[in-house]
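J.: Please find one structure pasted underneath; my questions will follow.
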Amino acid sequence: MREARDFTWEEVGARLRRWRLAAGISQSELASKAGLTQAGLATVEAGGHDPRLTTLRRLARALGRSTRELICGRPEPPAPVVGGIQQRVRRVLESHNLAAMTVFHKGLETAELMVSSRERGNGKAPQIIPLRRAS
């Protein structure tokens, strides 16, 4: 039986290329921004060798991402505040309370509109105001 591969440089290169294309910049532009040559960036994107950690840091930073996200494919672990919100969301969903889930759904739709508006560049980042829990 073949063992599944845990990690490849090709996946890091593919992720880097996807991010670069999503940002609408060329290899030359990203390479220049990260202090690399275009050929060096092409090699990293192809997964052709094990790049230095400093190179990965510079590339991630040039694309506004974290090195962890570039290497692992996942952003930083959630902050304790986010973890607490996740627990509260899970509690509402697991309650199977239709009224509570309807209210939650409407709030989620509003949050999604805020996120998509920000992603399109139509708004500023909203200020996060701590919510008080009902007693």
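J.: Using a 10 Å cut-off around each Cβ, can you sort 104, 7 from fewest to most neighbouring Cβ atoms?
T.: On the way: 104 16, 7 10.
The order, fewest Cβ neighbours first, is 7, 104.
J.: Need one number: nm distance between label points at residue 88 and residue 69, each 7 Å from Cα along Cα→Cβ, rounded to one decimal.
T.: 2.4
J.: Another question about this same structure. Give me 44, 82 sorted ascending by neighbouring Cβ count inside 10 Å, so fewest comes first.
T.: 82, 44
No value in this document is a laboratory result; all are computed from the given coordinates. The model shown is predicted, which means the values in this text are computed figures rather than measured ones. Counting neighbours? That spans all protein chains shown, and the Cβs are built from the backbone with ideal geometry, glycine included.
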